[in-house]
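Participant: What follows is a structure written as structure tokens; I'll ask about it next.
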Amino acid sequence: RFAKINAQKVTLDEVEHEVIRKRWQDARVHAAVNCASVSCPDLMQVPYNEPGLDGQLQSATIRWLSSSSKGAHAKVEENVVYLNPIMSDWYTGDFTRDSPDGSLLGWVAKYMDMIDTSIASFMRESLPRVNSMNYNWNLNIVGTWEGMKSDTASSYRALSVAMAAAVGLAL
């Protein structure tokens, strides 16, 4: 347990899943708060803030889905879409809850419209099968930040949680 919320000690996992995901109930949170493995969405380089949170989540989501190795990519000729297992396996319910039509592909296509309209149309019209990408759990070390241990995912996860805390959580 690393932090206190309302005098109760909590873990980073509890902050992510029991506080942040429950409070916002917005699938885009998965693009912003994560464990910083190679296959996770890239962390933003600036803190999240309440006035700009919607735009920041939107930007993080589009950046994530734009990555063919981390977010989504389609093989039209095979009628398949590959998605990060965060979407397709682990938290599917978060994405279908926020989908215009209640489907996972509906949620992805909604954002894919801002990236590649032909792929978004393919997802809506062809109803391709969904496969999960392979997931690389290795730590995504881009560089060393002063005061952080570059060899532990918990440091990066702590940064991610701290950014989310900037929008109103008292840790």
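The values are calculated or read from the model by the stated rules, or taken from the named source; none is laboratory data. Everything quoted here is computed from the prediction, not taken from an experiment. With ideal geometry, Cβ positions are generated from the backbone for all residues, glycine too; neighbour counts draw on all protein chains shown. SASA here: full protein model, heavy atoms, side chains in, ligands and nucleic acids out. Shrake-Rupley method; radii C 1.70, N 1.55, O 1.52, S 1.80 Å.
Participant: What's the total number of residues in the range 124-143 that are in contact (Cβ under 8 Å) with a residue 12 or more places away in the chain, open to solvent by 60 Å² or more (accessible area, probe 1.4 Å) and either part of a helix (DSSP H, G or I) or in contact with an Asp or Glu (Cβ under 6 Å, 6 or more places away or on another chain) (or both)?
Facilitator: Here the count works out to 1.
Participant: Let me ask something else about it. Among residues belonging to the range 66-116 that are among the aliphatic types (A, V, I, L, M) and in contact with a Ser or Thr (Cβ under 7 Å, 6 or more places away or on another chain), point out the one that is surrounded by the fewest Cβ atoms within 10 Å (Cβ to Cβ).
Facilitator: Ile115
Participant: Consider Val33 against the criteria (1) open to solvent by less than 60 Å² (accessible area, probe 1.4 Å); (2) free of Cβ contacts under 8 Å to residues at least 24 places away in the same chain; (3) part of a loop (DSSP other than H, G, I, E, B): it satisfies all of them except one. Which criterion is unmet?
Facilitator: (2)
Participant: Looking at Ser103, Ser121, Ser88 in this structure, which one is farther than 15 Å from Ser66 by Cα, among the small types (Gly, Ala, Ser), touching a residue at least 40 places away in the same chain (Cβ under 8 Å) and in contact with a helix residue (DSSP H, G or I) (Cβ under 9 Å, 6 or more places away or on another chain)?
Facilitator: Ser88
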